[in-house]
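In what follows, a single structure is set out as structure tokens and then discussed.
The values are calculated or read from the model by the stated rules, or taken from the named source; none is laboratory data. Since the model is a prediction, treat every value here as computed from it, not as a measurement. All Cβ positions, glycine included, derive from the backbone under ideal geometry; neighbour counts span all protein chains shown. Only protein heavy atoms, including side chains, enter the accessible area calculation; ligands, DNA and RNA are left aside. Shrake-Rupley method; radii C 1.70, N 1.55, O 1.52, S 1.80 Å.
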Amino acid sequence: MSRGLTPSQTIGPFYWGTLVNAYRCDLARPGMPGERIEIVLKLHDVEGAIVADGLFEIWQANSHGRYNHPDDRRNLALDAGFEGYGRASTFTDGCARFGTVKPGRVPWPEGGLQAPHINISLFARGVLNRLATRLYFEGDAALAEDPVLKMIEPARRDTLIAKRDTQGAWHLPIHLGGPKETVFFDV
Amino acid sequence: MKEETYRRPTAGQHPPNLSPDYKSTTGRSPRKPAIALPHTLSEITGPLLAAERLDAGEADLTRQRMAEPLGERIIVQGRVLDEDGKSVANALVEIWQCNAAGRYHHPGDQHDAPLDPNFYGGGRVRADGEGKYRFVTIKPGAYPWKNHHNAWRPAHIHFSLFGPAFATRLITQMYFPDDPLLAFDPIYNSVPAAARERLQAAFDMDLTQPEWALGYRFDIVLRGRNATPME
């Protein structure tokens, strides 16, 4: 039996306080194995202006590169209390912040490994379909061999690569359009 | 390693990102085509929120405050399925909506309509093993917005579904059948004509409970898995 997909619609401006009554912006309790990191995602519209009503979700593997999901059947450790999912909306500064651990590498279907990355979903008023992108880490030795980055024209790869500030937080601006338009993926 | 993957939506099922009649899309839609990612573990896994503890009261939006909210009590029931008609068992279903007067419990909603102290407007439920879910709520009101002159949103309930994978994440809106405002709503009409009626719930007399509440049925269809696993 074939059924038609339910079409997507915008999240609208009024989800806060009802859909989201508690952010999941801290994914890793103290002592979680791995390198503790802070991520700051800053959302811009096509003109470069800040978007203060967007919702980001992140999904990632743990520090061993294992997703907390039954379809990841590899013999790698799961860490108690680490789901790998977070959700936070942007504030008046356009930023959503997450605390987590740096994910390990996960395999590429044709062999080899992907560079460490965090999967990102983005929802906002004026955004009719979930937008999917990825965050990579500047300076990671695996970036040069990442098969997803290789699919992207070199001039646009930087839109996916977070940079570290002097306090150690990883920053990734997300541009919905314009000259710095982020690479979005059809997943 | 063999992994199951998810089918790509064919054209005409989802709205285009740039839908100029919905004015906010102009400044917020990517112009470059999305890059098709092969389905790796990153895309075929996703949050199941299986450890999430849900209070039974979260499925009844009429019993979250001291007294019952004003409005027309309704039951919204349906199944979470995939394109092959298979149940998405234990799916977390999240909803949010405005009150019967058309006002959201949100500081940014400045519509000149009353807040209802007995209505908050958020609900969650976990579908059962057959993907069946059920909410009790009140029918949301229509409300004006500033998209164009005399613009009104038809009554709708927002739905959020995760499904089994990052690839299946969906946020959508459920509308009510035969609402005259649907014809004028650029958000509803952003969906291609052949698919947009899927967003309308069906009035269902069998779900309707005598002396108590009207019943609406709304099934949600998420992406199906590919029949042949990728090598």
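Could you pull out the pairs from A:102/A:163; A:102/B:32; A:42/B:23 whose alpha carbons sit more than 25 Å apart here? Table pairs above 25 Å Cα-Cα are A:102/B:32.
What does the C-alpha gyration tensor say about the overall shape of the range B:149-188? Classify as rounded when a/c is under 1.5, otherwise prolate if a/b is larger than b/c, or oblate. Prolate is the answer for the range B:149-188, as a/c is 1.5 or above and a/b outweighs b/c. Here the simple spin-label model places points 7 Å from the Cα toward Cβ, and for residue B:56 and residue B:194 these points are separated by 4.5 nm.
Could you check how much of the accessible area of the range B:1-125 is carbon and sulfur, as a whole percent, using a 1.4 Å probe? The partial results should precede the final answer.
Working: 3100 of 5710 Å².
About 54 percent, which is the carbon plus sulfur part of the accessible surface.
If you sort the three axes of the alpha carbon gyration tensor as a ≥ b ≥ c, you get a/c of 1.5 or more for the protein assembly as shown and a/b above b/c, which makes it prolate. Neighbouring Cβ atoms from other chains, within 10 Å of the Cβ of residues in A:65-72, number 5 on average. Averaged over residues, the count of other Cβ atoms within 10 Å places the peptides A:128-139, A:23-34 in the sequence A:128-139, A:23-34, highest first.
Residue A:92 to residue B:8: FRET efficiency via 1/(1 + (r/R0)^6), r the Cβ-Cβ distance, R0 30 Å, to the nearest 0.05? That gives a FRET efficiency of 0.20. Taking a straight Cα-Cα cut-off under 16 Å and skipping sequence neighbours fewer than 8 places away in the same chain, the aspartates and glutamates within cross-link reach of residue B:146 are B:21, B:109, B:112, B:185. For the range A:27-47 versus the range B:147-207, the spacing of their alpha-carbon centroids is 33 Å. Test of understanding: in a Gaussian network model of chain B with alpha carbons linked when under 10 Å, which of B:168, B:40, B:137 would top the mean-square fluctuation ranking? Its mean-square fluctuation being the largest, the pick is B:40. Computed about the Cα centre, the dipole magnitude for the protein assembly as shown is approximately 420 debye when only Lys and Arg (+1) and Asp and Glu (-1) carry charge, each at its Cβ. Remark: relative contact order (the range B:148-189) = 42 percent; criterion is Cα-Cα distance under 8 angstrom and separation of 6 or more residues.
Take the Cα of residue B:32, step 7 Å toward its Cβ, do the same at residue B:146, and the gap between the two points is 3.2 nm. For chain B, what does the alpha-carbon gyration tensor say about shape, rounded, prolate or oblate, given a ≥ b ≥ c as the root eigenvalues, a/c under 1.5 as rounded, and a/b over b/c as prolate? Oblate, because a/c is 1.5 or more while a/b does not exceed b/c.
With just the Cα atoms defining each centre, how far is the range B:15-62 from the range A:4-21? Give it in Å. After rounding, the separation between the Cα centres reads 8 Å.
Protein chains only, probe 1.4 Å: how do B:145, B:96 rank by accessible area, largest first?
Numbers: B:145 55, B:96 0 Å².
If we order B:145, B:96 from most to least accessible, we get B:145, B:96.
In the range B:98-138, the residues whose accessible area drops by at least 40 square angstrom when the other protein chains are added to the isolated chain are B:106, B:120; the probe is 1.4 Å and only protein heavy atoms count.
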